[in-house]
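The values are calculated or read from the model by the stated rules, or taken from the named source; none is laboratory data. Keep in mind that what you see is a predicted model, and the values were worked out from it rather than measured. All Cβ positions, even for glycine, are placed from backbone atoms using ideal geometry, and neighbour counts span all protein chains on display. Each accessible area value is taken on the protein alone, full model and side chains, heavy atoms only, with ligands, DNA and RNA left out. Shrake-Rupley method; radii C 1.70, N 1.55, O 1.52, S 1.80 Å.
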Amino acid sequence: MSTDKYVVIGNPVAHSKSPDIHAQFAADTAQDMRYERLLAPLDGFAETVRDFIREGGRGANVTLPFKLEAHALATQLSERARAAGAVNTLKFDGDDIFGDNTDGVGLVTDIEHNAGIALRGKRILLLGAGGAARGALLPLLQAKPAELMIANRTVAKALDLAWEFQMHGPVSASDYDELDGVYDIVINATSASISAALPPIAASRFAKGAFAYDMMYAAEPTVFMQFAQKNGCVVRDGLGMLIEQAAEAFFVWRGVRAQTAPVFAALRPPSAT
Ligand code: ATR
């Protein structure tokens, strides 16, 4: 038997930590697999995937900017990929291309299991209505919060999302100015942190001791995390989401659950937190 081949496909992809994460999962669970980075030309995603399948590839993670194209390329989709409208995990089997999305479940697992914060019965405020927010909605609603409010600068996008997901739970939408609730959990799914910007959220939206989560991560706390911490929140960045979405993808491919704690320790040694 030859070693099974997996890749992360993106553009750019050189910065991806996924190969390190999956190498550790594979070593810890004794899986005979290789996982590498694969740069696809911006106009050549589907061809890159097909070439990789021809070379015997078994699966791929998909990162920016190809998650929508991966959704279109899949011949079968999981429920969560269909809801997310985007695919971050592909599994190849003969002519079948199975598309899944493990980002949202990665977020929920990181909050509930790693941070130890139950979502059930909580008032959740989700900032942003782009791809990252959409991918999180189904798993968040499946965790049975009391309320899920989506806030976005462009309020029409938040309203569309709330409308689309209403059958899955108590979801509504607002612009930032009209928000007047108080929230136990505030999740930043905007791309503001990339440019060191802060979504225009008032400090009075945080319940006392609220939990504030930024889907982004960097060596230093994001401006959103700094703002939330200054206002009495417990804060967490998206490194755990990255590791947990990888563990879920590994399970989709291999049927084996990898431990994530050792990967945390490797990517962020305790002295660095
Ligand atoms: P992603 O796939 O990361 O979600 P996206 O689809 O481009 O990226 O969506 C970016 C999200 O971040 C949007 O909700 C955007 O708000 P608008 O829809 O109003 O543009 C939000 N966003 C980006 N920069 C922001 C900022 N400085 N403050 C608040 N929201 C911001």
Subtract the Cα-Cα distance of ALA23 and ARG82 from 0.36 nm times their separation in residues, and report this length gain in nm to one decimal. 18.4 nm
Leaving out ligands and nucleic acids, and using a 1.4 Å probe, what accessible area per residue does the chain come to in Å²? 47 Å²
With 27 Å as the cut-off, how large is the P(r) tail for the chain, expressed as percent of Cα-Cα pairs? 38 percent
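For the chain, what is the relative contact order in percent, using Cα pairs closer than 8 Å and at least 6 residues apart in sequence? Write down the numbers at each step before the final one.
Details: 537 pairs, mean separation 41.8, N = 273.
Result for the chain is 15 percent.
Within 14 Å, Cβ to Cβ, of ILE243, how many net charges do the neighbouring residues add up to if Lys/Arg are +1 and Asp/Glu are -1?
Values: positive: LYS17, ARG236, ARG257, ARG268; negative: ASP20, ASP28, ASP103, ASP110, ASP237, GLU244, GLU248.
Neighbour charge sum, excluding ILE243 itself: -3.
Compute the FRET efficiency between GLU47 and LYS144 as 1/(1 + (r/R0)^6), taking r as their Cβ-Cβ distance and R0 = 45 Å, and round to the nearest 0.05.
Approximately 0.60, to the nearest 0.05.
For THR3 and ALA219 in one chain, what is 0.36 nm times their gap in residues minus the Cα-Cα distance, to one decimal in nm? It would help to have the intermediate numbers written out before the result.
On the way: separation 216, 0.36 × 216 = 77.76 nm, distance 3.41 nm.
Once the chain is fully extended between THR3 and ALA219, it gains 74.4 nm.
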What is the stretch 3-45 by shape, rounded, prolate or oblate, if you read a ≥ b ≥ c off the alpha carbon gyration tensor as root eigenvalues and call it rounded for a/c under 1.5, prolate for a/b larger than b/c, and oblate otherwise? oblate
How far apart, in nm, are the 7 Å Cα→Cβ label points at VAL252 and GLN229? 3.3 nm
Gained length - ASP96 relative to ALA30, 0.36 nm times residue gap less alpha-carbon distance: 21.1 nm
Hey, rough spin-label estimate for MET167 and ALA197, points 7 angstrom out along Cα→Cβ, what's it come to in nanometres? 3.5 nm
How large is the helix-only mean residue ellipticity at 222 nm for the chain, computed as the sum of -39500 (n - 2.57) over DSSP H runs with n ≥ 4, divided by its residue count, in deg cm²/dmol to the nearest 500? -10000 deg cm²/dmol
With θ set to phi - 60°, apply the Karplus curve 6.51 cos²θ - 1.76 cosθ + 1.60 along the stretch 199-214 and write out the HN-Hα couplings as whole Hz, x wherever there is a Gly or Pro. x, x, 9, 7, 4, 5, 7, 7, 5, 4, x, 4, 9, 10, 10, 10
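Using a cut-off of 11 Å between beta-carbons, work out the net charge of the residues near VAL155 (Lys and Arg +1, Asp and Glu -1, VAL155 not included). Show your work: numbers first, answer last.
Values: positive: ARG153, LYS157; negative: ASP160, ASP175, ASP177, GLU178.
In short, -2.
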Going highest first, how would you order 120-133, 149-162, 22-35 by mean Cβ packing within 10 Å? 120-133, 149-162, 22-35
Tell me, what is the percent relative contact order of the stretch 117-273, built from C-alpha pairs under 8 Å that lie six or more residues apart? 17 percent
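Excluding TYR183 itself, calculate the net charge of residues whose Cβ lies under 14 Å from the Cβ of TYR183, where each Lys or Arg counts +1 and each Asp or Glu counts -1. Numbers along the way, then the final one.
Working: positive: LYS122, ARG123, ARG205, LYS208; negative: GLU147, ASP180, ASP184.
Residues near TYR183 contribute +1 overall.
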Ignoring ligands, DNA and RNA, please state the percent of accessible area on the stretch 104-237 from carbon and sulfur, probe 1.4 Å. 52 percent
Counting only protein heavy atoms and leaving out ligands, DNA and RNA, the solvent-accessible surface of ILE117 at a 1.4 Å probe, in Å² to the nearest 10, equals 40 Å²
